[in-house]
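Worksheet: the structure to be examined is printed underneath.
The values are calculated or read from the model by the stated rules, or taken from the named source; none is laboratory data. All values derive from a computational prediction rather than experimental measurement. As a convention, Cβ positions derive from the backbone with ideal geometry for all residues, glycine included, and neighbour counts pool all protein chains shown. In case anyone asks, the SASA skips ligands and DNA or RNA and just uses the protein heavy atoms, side chains included. Shrake-Rupley method; radii C 1.70, N 1.55, O 1.52, S 1.80 Å.
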Amino acid sequence: MSVYEQIGGAAAVDAAVDIFYRKVLVDDRISEFFDTVDMEDQHKKQKAFLTMAFGGPNQYTGKDMREAHAHMNLTDEHFNAVAEALVGTLNELSVPQEHIDSIVSIAVSVKDDVLNK
Amino acid sequence: MPNLIVMSGDGERKKVSLSPGETVLDGLLDAGVEVSYGCKSGVCHSCLLQTPDQDAIPYEAQQGLRSVERGQGYFLSCKCKPEKSLRIQLEGVQQRYQSKVVSLDKVADSIWRLRLTKSLAYRPGQYLTLKHSSGVIRSYSIASHPIHDDFIECHIRAFPDGKFSHIVKSELKVGDSLELLGPYGRCVYEKTESSRVLFMGGMGTGLAPLYGIARDALMQGHTGQIFMLIGASQSNNLYHQSELAKLSRAYPNLKIEYSIQKLDNTAAILPISDIYETAAKLLPNMTGCEAYLCGNQSFVKRLRKECFLRGASLSDIKSDEFLRAVA
C-alpha cells in the first residue's frame with residue numbers, strides 16, 4: 001500500500017491543499033510564485049503537486065518538472081521553503097512521522113529537476 | 001501555424017492563417033471577416049464564436065462562460081490563441097434584446113444610474129453587455145431584482161476618456177434604445193445553507209451586483225449574518241446609501257460598513273480607512289463563510305487572497321472582476 005493510500009488518498013490531498021496553499025502564500029521567500037490572479041488554477045496545480053508528493057497517481061516526469069520550473073531561477077532556499085510548508089501541513093493534519101518521512105523523500109527526489117541542476 | 005476554416009451559414013468556406021500569438025478575433029478581422037466585438041478583454045462576450053473542434057479551444061478562451069456554452073463549443077475569440085487548427089461556425093449565436101432607457105441619473109461624482117425596460121430574464125449578481133446605436137459596447141453588472149423591480153438597473157462608473165462614459169454623460173436620453181446581450185456571470189446567491197455567514201466586499205460600482213445578491217439572499221430567507229463592506233475611492237463616490245440603510249432596517253441580519261480610501265474636497269462624512277483592514281476587523285475568521293467580491297481586478301484579487309488566508313475555502317469565494325475595456 002502506498003503512502004498515498006495509507007493517509008487517505010484524494011481526501012487527504014483535499015484536506016491538505018488549503019493549508020499548504022495558505023502557508024506558501026504568506027511565506028515571503030516564495031509567495032510571489034504562488035500569488036496569481038487565477039487562484040483556482042493555482043489551487044489545481046498544488047493539488048497535482050501534493051498528489052505527486054504523497055505518492056499518488058500522477059503523470060509528472062522529470063522533464064515536465066524541469067520545464068515547468070526552468071524560468072523561475074529557483075534556489076535551495078525556495079525549495080526548502082516549499083518543503084517546510086509541506087511538512088508543516090502534514091504536522092497540522094497529524095500525519096504520522098513515518099509517512100511524513102516517505103513524503104519528504106518523494107519531494108526531495110525531484111529537487112534537482114526543480115532547481116534545474 | 002494554426003489555420004482557421006470559417007464556415008458561414010450558406011455553406012461557404014474560407015481559410016484564414018493566424019500569425020504566431022494572434023487571437024482568432026484579430027485573425028478574422030485582418031482577413032476581412034465580419035465579427036462583432038467589444039472590449040477585446042474577454043469581458044463583454046460580444047465576440048463569442050462556436051466551433052465543432054472543442055479539443056482545440058485553449059482554456060483561457062472559455063473562462064467565464066457558462067458550462068452549457070462550453071459544452072457546445074462556444075469560446076471568446078478575443079482570448080483564443082489556438083495551437084491547433086479550428087473550424088469556426090459563423091452564425092447568429094447570440095440572443096439580443098432591445099431595451100429603452102427609463103431613467104438616467106447622476107448618483108455620485110462619477111457614477112450614473114441607468115434604468116432600462118425589463119426585456120430579459122436574469123439572476124441578481126449577473127451582468128449584461130449593452131450596445132449603443134453608435135456601436136460602442138460595454139458590460140455592466142445588474143443592480144436590480146428580477147421579481148421586485150420592473151426595470152433593469154446598472155451603475156456606470158464614468159471615466160474621463162471613456163467612450164461609453166461620454167455617451168452616458170452627454171448623449172443618452174430617456175426613451176433611447178440600447179441592445180442587450182447576456183446575461184452572463186456566476187456570482188449569484190445559491191441557497192444551500194441559509195444560516196451561513198456571508199461576506200460581501202465591493203469597491204466602487206461593485207456595490208451594484210452586491211446590492212442585487214444581498215436582496216436576493218434576504219428575500220429567499222437567508223437567516224445568517226450578512227456583512228457588506230462597500231469601499232469608495234473618495235467620499236463623493238459613495239452612493240446608494242439610503243437604499244442600503246433601508247434594506248438593513250428591514251433585515252436586521254444585514255450589517256453595512258463603508259470604507260473611504262482617500263480624502264477629497266467634500267466634507268468627509270466617514271473616516272479614511274484601509275478597506276482590507278476594515279474587512280479583517282469586520283470578520284477576522286472566515287472559516288465556513290461564503291464570500292462575494294465585486295470590483296476592479298486588483299481589489300478582488302487582494303480581497304480574495306485575504307479571505308482565503310482568513311479561512312474561507314476557495315470554492316466558497318465568488319467574484320465578479322471588472323475589467324476596463326481596451327477598445
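Once all protein chains are placed together, B:Lys81 keeps about 110 Å² accessible to a 1.4 angstrom probe. Once the Cα-Cα distance is subtracted from the 0.36 nm per residue extended length, the B:Asn253 to B:Ser233 segment shows a gain of 4.5 nm.
Extending 7 Å from the Cα toward the beta-carbon at both B:Lys15 and A:Asp28 defines two label points whose distance is 5.8 nm. Share of carbon and sulfur in the accessible area of chain B stands at 48%, probe radius 1.4 Å.
Here the simple spin-label model places points 7 Å from the Cα toward Cβ, and for B:Met1 and B:Asp274 these points are separated by 5.1 nm. Convex hull volume of the C-alpha atoms in the protein assembly as shown, normalised per residue: 175 Å³. Estimated from the Cβ-Cβ distance and a Förster radius of 60 angstrom, the FRET efficiency linking A:Arg66 and B:Phe151 is about 0.55. A Förster distance of 45 Å, applied to the separation of the beta-carbon atoms of B:Ser134 and A:Lys45, puts the FRET efficiency at 0.55.
Dipole of chain A computed with +1 at Lys/Arg Cβ and -1 at Asp/Glu Cβ about the Cα centre; of A:Leu25, A:His71, A:Ser94, farthest Cα towards the positive end is A:His71.
Whole-percent P(r), region B:273-327, all Cα pairs, 5 Å bins from 0: 5, 20, 29, 24, 12, 5, 3, 2, 0. Determine which residues of region A:71-94 fall in the zone a paramagnetic label at A:Lys111 would reach in this model, i.e. backbone nitrogen under 18 Å from the point 7 Å along Cα→Cβ. Zone members listed by number: A:73-88. Computed over protein heavy atoms with a 1.4 angstrom probe, the accessible surface ordering of B:His148, B:His132, largest first, is B:His148, B:His132. For the set B:Arg196, B:Arg249, solvent exposure ranked by accessible area (probe 1.4 Å, protein chains only) runs largest to smallest as B:Arg249, B:Arg196.
Treating each Cα of region B:1-51 as an identical point scatterer and summing with the Debye formula, the log10 of I(q)/I(0) at q = 0.18, 0.27 Å⁻¹ comes to -0.60, -1.19.
Taking the three principal axes of the alpha carbon atoms in region A:4-94, the coordinate ranges are 35, 29, 26 Å, sorted in descending order.
With a ≥ b ≥ c taken as the square roots of the eigenvalues of the C-alpha gyration tensor of region B:182-327, please select rounded if a/c is under 1.5 and otherwise prolate if a/b is larger than b/c or oblate if it is not? It is rounded, given that a/c, with a ≥ b ≥ c, falls under 1.5. Summing -39500 (n - 2.57) over the DSSP H runs of n ≥ 4 in chain B and dividing by its residue number, what mean residue ellipticity at 222 nm do you reach, to the nearest 500 deg cm²/dmol? That comes out to -5500 deg cm²/dmol. Pairs exceeding a 27 Å alpha-carbon distance, out of B:Lys40/B:Lys246; B:Lys14/B:Lys79; B:Lys191/B:Lys255; A:Lys44/B:Lys79; B:Lys169/B:Lys191; A:Lys111/B:Lys81: B:Lys40/B:Lys246; B:Lys169/B:Lys191; A:Lys111/B:Lys81. In a simple Cβ point-charge model (Lys, Arg +1; Asp, Glu -1; nothing else charged), region B:67-215 has a dipole of about 260 debye relative to its Cα centre. Cross-link candidates for A:Lys47: which aspartates and glutamates have Cα within less than 18 Å, leaving aside residues fewer than 8 places away along the same chain? By straight Cα distance, A:Lys47 reaches A:Glu5, A:Asp14, A:Asp18, A:Asp35, A:Asp38, A:Asp64, A:Glu84, A:Glu92, B:Asp316.
Our Cα-only numbers for chain B put the radius of gyration and Dmax at 20.9, 65 Å.
Per-residue mean of foreign Cβ neighbours for B:306-314 is 3 (Cβ atoms of other chains, 10 Å radius). Dipole magnitude for region A:9-69: about 280 debye, using +1 per Lys or Arg Cβ and -1 per Asp or Glu Cβ, origin at the Cα centre.
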